[in-house]
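Working notes, beginning with the structure itself.
A short reminder: the numbers here are calculations on the coordinates, not readings from a lab. These numbers were taken from a predicted model, which means no experiment stands behind them. FYI the Cβ positions are ideal-geometry reconstructions off the backbone, even for glycines, and counts take in every protein chain you see.
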Amino acid sequence: MFQAPMRHMNTLVPLYSRTENLMLICELLLPEFDEEMKKTRTTLERIPFDKKDFAPHPKSMPLGKLAPHVAELAGFGVTVLTTPELDFSTGGGRTRPLFESAALLKAFDENAAKARAALKNTSDDAWTQTWKLSFQGKTIFSGLRFLAYRQMFLNHLVHHRAQLGVYLRLNDKPLPATYGPSADDTMGF
């Protein structure tokens, strides 16, 4: 019987024999990935494109930067899953999608598809490898690839999607249901 891997001494220690017929880690993560991408796309579909400069606070990112960031973040999973590290100061220049519906959705769909393919092809052994994020050599994150995938990629994407939810609400745009009904999408309740 499968039991979730435990974190111990900066490694994942499987509590099962590798000879048993079990699901791969990527197979366990794919349904969650698919659901989060579906919810994120629905949120991007509701962006008010006439509010490019809207920000709920002077320290907040304007909507015209936040929405493209969410669209491109879907592709960050590819980097986490296929490279040993990323230094933002030496990484190739990225082009953010234009702040318009077709461009955002196209970029998001392409990035999500690439990330899904990378996830599907990630071996169980790869999850225990170290992954590092830095800027000009200064470490931002260093730890298991599994934690990088969850914290630096997926949780990061969900965090910014939630910010978009606030932007939607403050602009009287309907919030999609995410982890249950919203005031605008009651899911039949």
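Of note:
- In order along segment 121-129, phi translates into HN-Hα couplings of 9, 7, 6, 4, 5, 5, 5, 8, 6 Hz, rounded to whole numbers, per the Karplus curve 6.51 cos²θ - 1.76 cosθ + 1.60 with θ = phi - 60° and x for Gly and Pro.
- Karplus 3J(HN,Hα) series, Hz, for segment 131-140 with 6.51 cos²θ - 1.76 cosθ + 1.60 (x for Gly, Pro): 10, 10, 10, 8, 9, 6, x, 8, 6, 9
- Net length gained if the chain between Phe135 and Leu30 were fully extended (0.36 nm per residue, minus Cα distance): 34.8 nm
- Helix 25-45 and the longest principal axis of the C-alpha atoms of the chain enclose an angle of approximately 10°.
- Charge tally around Thr79: other residues with Cβ under 12 Å, Lys/Arg +1 each, Asp/Glu -1 each, net +1.
- Helix-only CD estimate at 222 nm, as mean residue ellipticity for the chain, using -39500 (n - 2.57) per DSSP H run (n ≥ 4): -13000 deg cm²/dmol
- Rounded to the nearest 20 debye, dipole of the chain from Cβ charges on Lys, Arg, Asp, Glu: 480 debye
- Normalised by the number of residues in segment 29-170, the average gap of Cα pairs under 8 Å and 6 or more apart makes the relative contact order 31 percent.
- The phi torsions of segment 153-159, fed into the Karplus equation with coefficients 6.51, -1.76 and 1.60 and a -60° offset, translate into couplings of 9, 5, 5, 4, 4, 5, 4 Hz, rounded to whole numbers, with Gly and Pro shown as x.
- The alpha carbon centroids of segment 57-88 and segment 116-166 are separated by 11 Å.
- Using the alpha carbons alone, the radius of gyration of the chain stands to its Kirkwood radius in an Rg to Rh ratio of 1.01.
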